[in-house]
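What follows is a short report on a single structure.
Each reported figure results from applying straightforward, stated rules to the coordinates on display, with no laboratory input. Keep in mind it's a predicted model, so treat the numbers as computed, not measured. Positions of Cβ are backbone-derived with ideal geometry, glycine not excepted, and every protein chain shown enters the neighbour counts.
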Amino acid sequence: MSATSMTLYYNSASPFARKVLVLLHETEQTSRVSLKAVSPTPVSPDNELIQENPAGKLPALRLADGNVLHDSRVILDYLDHQHVGNALIPREGSARWRRLTLASLADALLDAALLIRYETFLRPAEKQWREWLDNQQEKITRSLLYFEQEAVTELSSNFDIASISVAAALGYLDFRQPDLNWRSSYPRLAAWYYEVSQRPSMIETQPPA
Ligand code: BEZ
């Protein structure tokens with residue numbers, strides 16, 4: 001595939017786009033992709049992005065042949081088939097389903113964190129629904145507890161789809177919920193995250209300061 005033959009619609013604050021960027025770094029494919037920054041919200045869609053993805057959601061990847069892939073899971077799967085190194089999404093066996101399930105839980109954590117962000121940042125304070133917000137936050141708490149108690153050793157074994165997804169989720173919590181102080185409740189997860197945060201792929205893709 002020729003240089004920069006693909007275009008990634010992304011936002012530097014989007015954790016779902018970050019997963020794609022991390023995989024591009026880890027698989028040495030960054031030079032194949034041009035970045036197109038867009039800033040949609042649920043109440044102000046981006047017109048150019050809508051042409052690529054009718055849902056108006058990030059990330060979207062325009063391929064050299066004009067086809068467009070979305071969402072992050074589809075894009076990650078595609079890009080993982082475009083390099084010659086070790087697969088970051090196991091192709092078969094129980095590892096495939098386990099790693100994808102851990103990635104899915106990280107995405108669910110992220111869905112909850114984004115919904116909280118939109119509800120508290122975009123919605124007028126008098127219209128915010130406290131119980132709904134609390135339930136989103138509890139999804140985050142339960143997911144963190146699961147990663148701490150059931151998955152941290154597995155995460156340490158390989159920096160793949162599962163680890164990239166959990167790392168992007170923790171990075172987004174630090175970015176948008178800086179007072180959460182999750183590290184004190186989940187020390188093993190914190191130690192793992194500290195280690196993976198030193199990877200160039202994580203450093204290069206940090207959300208804006
Ligand atoms: C954010 O500002 O938190 C954000 C921006 C774009 C996509 C997702 C999240």
If each DSSP helix of 4+ residues adds -39,500 (n - 2.57) and the sum is divided by the residues in the chain, what number results at 222 nm, nearest 500 deg cm²/dmol? -16500 deg cm²/dmol
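Determine Rg/Rh for the chain; Rg is computed over alpha-carbon atoms and Rh is the Kirkwood hydrodynamic estimate from the same atoms. Please report the intermediate quantities before stating the final value.
Values: Rg = 17.0 Å, Rh = 17.7 Å.
Value, to two decimals: 0.96.
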For the chain, modelled as a Gaussian network with Cα springs under 10 Å, which listed residue fluctuates most, ALA190, ALA17, ALA125? ALA125
For the chain, percent of DSSP beta bridges that are antiparallel (nearest 5) comes out at 55 percent
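Explain nothing, just the number: relative contact order of the chain, from Cα pairs under 8 Å at least 6 residues apart, as a whole percent. Let's see the in-between values first.
Working: 245 pairs, mean separation 49.6, N = 209.
Contact order relative to length: 24 percent.
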Among PRO124, PRO15, PRO90, determine the one that fluctuates most according to a GNM of the chain built with springs between C-alpha atoms less than 10 Å apart. PRO124
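Report relative contact order for the range 93-199 in percent, whole number only (criteria: Cα-Cα under 8 Å, sequence separation at least 6).
Contact order relative to length: 37 percent.
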Reduced Cα scattering model of the range 93-199, Debye log10 I(q)/I(0), q = 0.09, 0.19, 0.21, 0.22 Å⁻¹: -0.24, -0.93, -1.09, -1.18
Just want the ordering: HIS70, HIS81, from fewest to most Cβ atoms lying within 10 Å of their own Cβ. HIS81, HIS70
Neighbour counts of other C-beta atoms within 10 Å: give me THR205, THR141 arranged from fewest to most. THR141, THR205
Output the DSSP H helices from the chain with an along-axis C-alpha extent of no less than 18 Å and a mean Kyte-Doolittle hydropathy no less than 0.5. 161-176
On alpha carbon coordinates alone, what is the Rg over Rh value for the range 68-151, Rh being the Kirkwood radius? 1.11
What net charge do the residues around SER156 carry, taking every other residue with its C-beta under 15 Å from that of SER156, with Lys and Arg at +1 and Asp and Glu at -1? -1
With a ≥ b ≥ c the root eigenvalues of the C-alpha gyration tensor of the range 6-80, is it rounded (a/c under 1.5), prolate (a/b larger than b/c) or oblate? prolate
Dipole of the range 6-80 (Lys/Arg Cβ +1, Asp/Glu Cβ -1, origin at the Cα centre): which of TYR9, ALA55, SER44 lies farthest to the positive side? SER44
